Amino acid sequence: MIMARSVNSRAIAVAAASLITAGCATTQTAGFRAMTAAEHETAGSAGGSADDAAAHLAAAKGLRRAERIACFEVPDVQRDAGPFARKDEITGVEALQERPNTKAAPRPVGVAVYVRATPGMTEQWIGRVIECHLAHRAVVGTRVAEQACPLSAEEARIDVSSTDTGFRVSITSKDVTVARSLIDGCHALVD
């Protein structure tokens, strides 16, 4: 869960797939872990070996189960678009930078999106919406309309914290290219 702590954006999908297929080294490639539930189901019925088919079908089942658990009572619009579904609740976007050392120039590491507090919204709820959104993306892949500020960026780390007027959702990556794309994409939320 993301409650005031961080999570790797692919953690839900990877955890579900790897727990289900633990011990099946032949299927634990990066490509296998990146597959959606529908892709696993297609691969599982494609006529490969019985072990591979079972691994794919088990992974699909695990991804769908993870989505059901993560998305319980989360509205469909938030499931599909994540915590940034309502642009009128976004109060700002800030590029995040860090200095690798005191003499180095700052480099981009990601973005912070500020969300206005609304009745019933808590840090834990935003974390739950993020988990649901990521679990849903792991099931359906790109059939979900891609949002301007993607939470599912490769190797992204997501942190949720409270502010005086709402919440701060930080999305960071050690990969400078990913960090720059996060900054560019998320600024579209307020443009």
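All of the numbers you see were taken from the coordinates with simple rules; none came from a lab. Computed from a predicted model, the values in this text were never measured in an experiment. Heads up, the Cβs are rebuilt from the backbone with ideal geometry, glycines too, and the neighbour counts pull from every protein chain shown.
Summary table
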item: Theoretical FRET efficiency, 1/(1+(r/R0)^6), r = Cβ-Cβ of residue 86 and residue 187, R0 22 Å, to 0.05; result: 0.80
item: Selection of chymotrypsin sites (Phe, Trp or Tyr not before Pro), region 42-114, meeting DSSP coil and at most 10 other Cβ within 10 Å; result: 72
item: Nearest-0.05 FRET efficiency for residue 165 and residue 99, computed from C-beta distance (R0 30 Å); result: 0.60
item: Trypsin sites (Lys or Arg not before Pro) lying in DSSP loop within region 101-191, provided at most 10 other Cβ fall within 10 Å; result: 103
